[in-house]
Each structure stands twice: as C-alpha cells, then as structure tokens.
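What follows is a set of notes on a single structure, which appears directly below.
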Amino acid sequence: MKEVLVMIAGKRAPLPICAIILIEIIMISFWIGGSEGANQESSAHYRIGPNDILHIYVWKEPDLTRDVTVMADGRITFPLIGEVVAAGKTVAELKEIITTKLKKYVTAPEVTVIVNEARSQIIYTIGKLNNPGPYPLTPGMTVLQALSAAGGFAEWADTKNIVIVRREKDKEVQFKFNYKEFIEGKNLKQNILLKPNDTIVVP
C-alpha cells in the first residue's frame, strides 16, 4: 500500500490509514449532505406540469390516496373535489388547495403531494453514453444523476470535457463538467442542478 505523508513540525511523517479513511468519510458526507439540501430546495420550487405523475396521500383515507396524472390542460381529477388545476403549482401549493377543498368532506384532512415522475420537463443527453437521449427532469436532478440515467459512459468517452448547454433568454450558456476531477473530490460545485431543456454533451 502506498504510504501517505504529511508535514508535521516541518518534517514528513506518515498519515495513519484510519485518518485517511476518516478524511474520506467526512468529504463524502459533506458532498452528500450538500446534494440532498440542494435537491430538497429544488423539489420545493418545482412547478408541476402536464403529464407529470403525482402521488397524493391522504392520511387515514386509503380510498382517496392514489397516483394521478396531470392532464394536457394542466388539471387533475380527484375524488370528492373533482377537477383541480395542478400545472404551474408547487407541491406545497397543490397540497394546500386539495386540503382546503377536502375539508368539506373529511375532518381535518392531512394531505401529502409527491411528484413521482416529472414528465413535463426533460433534459437531453448526447454523445458517448450507453443510452443517450431525452430524459425526464426529476426534481433536484444533477449532472451526475443525468449521466447515470443515460447508462454511464461508453467506450472512449472524454470524461474530462463534458459540456452542459443551456439556453438563457436569447443566448447559449455552457458549463464544463470534469467527471474525473469530480470523483476525486475536486470542484464539487460543477455538479450543477439541471434546468428544463439542458443538453449534456459527452465528446
């Protein structure tokens, strides 16, 4: 095993293997924690759209709990309350609407709304990937998650020069993603949250 040396009091000294493992655990925990926080924030701001599949759970009301698909006109149909406009709403906003309407029929309803499948927004992956093509943009999706959804890298993929192409207003913006650098724990911020219609290019 290759010995790792650090500077202690001006002299090179071996770093115990347990310390190395501890450092790696701290780095991974920091990265995962940051990613989860970003995902939660993105999910909270996600705007529901046509073709999205939602899971609506009403506590202690199994006959009401179900999956629903947002129709082309942006509405959903739900028992007792009929049609509700879901498109353009966040899950919190839709939850509040359904809860208010259900109060006429259910005592103190407790409603949870989850986006099971975000089909209204997509991203594109092209280049040297095992399964390139369009994919649903799930809440909180990052570059790394999109690459995984596309089946990972094909042979001879240039993982150091991946480009994310984004259209902002009237101009095209590009972001670089160096996979090799990222998995080594460097420049973790390059694993950005994706936006609708982003294109990931793997040369």
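The values are calculated or read from the model by the stated rules, or taken from the named source; none is laboratory data. All values reported here derive from a predicted model rather than from experimental measurement. Note that we place each Cβ from the backbone using ideal geometry, even for glycine, and neighbour counts take in every protein chain shown.
Taking ASP198 as the residue in question, decide whether it is over 15 Å from the mean Cα position of the chain (by Cα) and not polar (S, T, N, Q).
Numbers: over 15 Å from the mean Cα position of the chain (by Cα): no; not polar (S, T, N, Q): yes.
When the stated conditions are applied, ASP198 does not pass them.
Pick out, from the stretch 151-203, the strands (runs of 3 or more DSSP E) lying fully within it that include 3 or more residues that are within 30 Å of PRO50 (Cα to Cα) and in contact with a Phe, Trp or Tyr (Cβ under 9 Å, 6 or more places away or on another chain).
Details: elements: 162-168, 171-177, 199-202.
Hits in the stretch 151-203: 162-168, 199-202.
For residues in the stretch 44-62 being in contact with a helix residue (DSSP H, G or I) (Cβ under 9 Å, 6 or more places away or on another chain) and either over 12 Å from VAL115 (Cα atoms) or acidic (Asp, Glu) (or both), which is surrounded by the fewest Cβ atoms within 10 Å (Cβ to Cβ)?
Per the criteria, the residue is GLU61.
What strands (runs of 3 or more DSSP E) lie completely within the stretch 63-143 and have 1 or more residues being modelled with pLDDT of 95 or more and touching a helix residue (DSSP H, G or I) at 6+ places or on another chain (Cβ under 7 Å)? Walk me through how you get there before you give the answer.
Values: elements: 66-69, 75-78, 82-85, 111-117, 122-127, 133-136.
Correct list: 75-78, 82-85, 111-117, 122-127.
Just a yes or no: is a residue in the stretch 58-80 more than 26 Å from the chain's Cα centre (by Cα), more than 30 Å from ILE162 (Cβ to Cβ) and of a type in the set (Lys, Arg)?
So the first thing to find is which residues in the stretch 58-80 are more than 26 Å from the chain's Cα centre (by Cα), and the list is 59-64, 77-80.
Then drop every residue that is not more than 30 Å from ILE162 (Cβ to Cβ), which leaves 59-64, 77-80.
After this cut, where a residue has to be of a type in the set (Lys, Arg) as well, the list is 60.
Looking through the stretch 58-80, at least one residue is more than 26 Å from the chain's Cα centre (by Cα), more than 30 Å from ILE162 (Cβ to Cβ) and of a type in the set (Lys, Arg).
Tell me yes or no: at least one residue of the stretch 121-128 is among the β-branched types (Val, Ile, Thr) and free of Cβ contacts under 8 Å to residues at least 60 places away in the same chain.
no
Would you be able to tell me the number of residues in the stretch 68-97 that are touching a residue at least 24 places away in the same chain (Cβ under 8 Å) and under 22 Å from THR107 (Cα atoms)? Lay out the reasoning, then the answer.
Filtering the stretch 68-97 for residues touching a residue at least 24 places away in the same chain (Cβ under 8 Å) gives 70, 74, 80-81, 86-92, 94.
Imposing the further condition that a residue be under 22 Å from THR107 (Cα atoms) reduces the set to 80-81, 91-92, 94.
Within the stretch 68-97, residues that are touching a residue at least 24 places away in the same chain (Cβ under 8 Å) and under 22 Å from THR107 (Cα atoms) number 5.
Has the stretch 63-86 got at least one residue that is closer than 30 Å to LYS189 by Cα and loosely packed, with under 15 Cβ neighbours inside 10 Å?
Narrowing the stretch 63-86 to residues closer than 30 Å to LYS189 by Cα: none.
No, the conditions are met nowhere in the stretch 63-86.
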